[in-house]
Structure formats: structure tokens, C-alpha cells
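Note sheet for the following structure.
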Amino acid sequence: MCREYNGWANYETWNIALWIGEVDGLGDMIHEQAMLEVKDAFDDIEDEFDHHTATWSLAKYLEELCHEMFDYGTEDLKGPIADAIGSYYAQVVWYDIARHYIDEAARESDINPAAIIV
């Protein structure tokens, strides 16, 4: 079943991406991390950019960061509310959000599209 929502993998992914853009400074912080991931994943000698590695690395960073920022006050929750929050986060496709930021950072870094390996 395809649940794509507003161009994102699903509603939960779209909603988290929306919140990232709404929290003052969070989008900029993630953009800066994406720029670092792009730099780290670019091999000057081989003139290759490992898009997949950069995206997975940023996806892990995003997941941890968002859990820290948006989970406040939920550590003591038990029962169906805790299960609902856990289920919601399990549906987020962090790779999808990370790809958006990595693509933007790669464009800003003037990486030759021919150098991208996926």
C-alpha cells in the first residue's frame, strides 16, 4: 500500500519534515550537518561523492536529534499513548528527509552530478 503524502514517503515523514522547518534554527542546523556529511562523503582523489553514505549518516543524526527535541516529557508515558508515539516515530522515513537535505547540500557544494554514486 502506497501512502505517499505531499511528496514525502508518508504522512508521518511529511509531518516531521514540516516541524523541522517550523522550529526556529533547526532546519539551519540540519543543513549545516548535511554540508558536513557531503564534505565527508566526497572523495577528492577519485572525484566521487557517496550519496547513499552521506544520506544514511544524516538520517541517523536526524532521528536522534528529533527524538531529543520532540520527545520531551514522554519518558514517563506508559500504555496506549506511549505505544502510539512509538508507532508514529517508527513510520517516519528518516532517509527521505535526509535525502532532501543532502541533495540541497550537494547542489550548493557544486558537486558534479557525474561524480555521484548512489
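The values are calculated or read from the model by the stated rules, or taken from the named source; none is laboratory data. Keep in mind that this is a model prediction, so the values were computed, not measured. Please note: Cβ atoms are built from the backbone with ideal geometry, for glycine as well, and neighbour counts cover all protein chains shown.
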Select from region 25-50 the residues that are over 24 Å from residue 5 (Cα atoms) and not hydrophobic (A, V, I, L, M, F, W, C) and list them in ascending order.
-> 25, 32, 33, 37, 39, 40, 43, 44, 46, 47, 48, 50
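Before we move on, is residue 114 modelled with pLDDT under 85, small (Gly, Ala, Ser) and under 27 Å from residue 41 (Cα atoms)? First the steps, then the outcome.
Details: modelled with pLDDT under 85: yes; small (Gly, Ala, Ser): yes; under 27 Å from residue 41 (Cα atoms): yes.
For residue 114, the condition - modelled with pLDDT under 85, small (Gly, Ala, Ser) and under 27 Å from residue 41 (Cα atoms) - is met.
Conditions tested, residue by residue: (1) over 18 Å from the mean Cα position of the chain (by Cα); (2) at pLDDT 85 or above.
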| residue | (1), (2) |
| --- | --- |
| 34 | no, yes |
| 52 | no, yes |
| 57 | no, yes |
| 61 | no, yes |
| 64 | no, yes |
| 71 | no, no |
| 76 | yes, no |
| 83 | yes, no |
Only listed residue being under 28 Å from residue 111 (Cα atoms), without any contact (Cβ under 8 Å) to a residue 40 or more places away in the chain and surrounded by fewer than 11 Cβ atoms within 10 Å (Cβ to Cβ), chosen from 79, 25 | 25
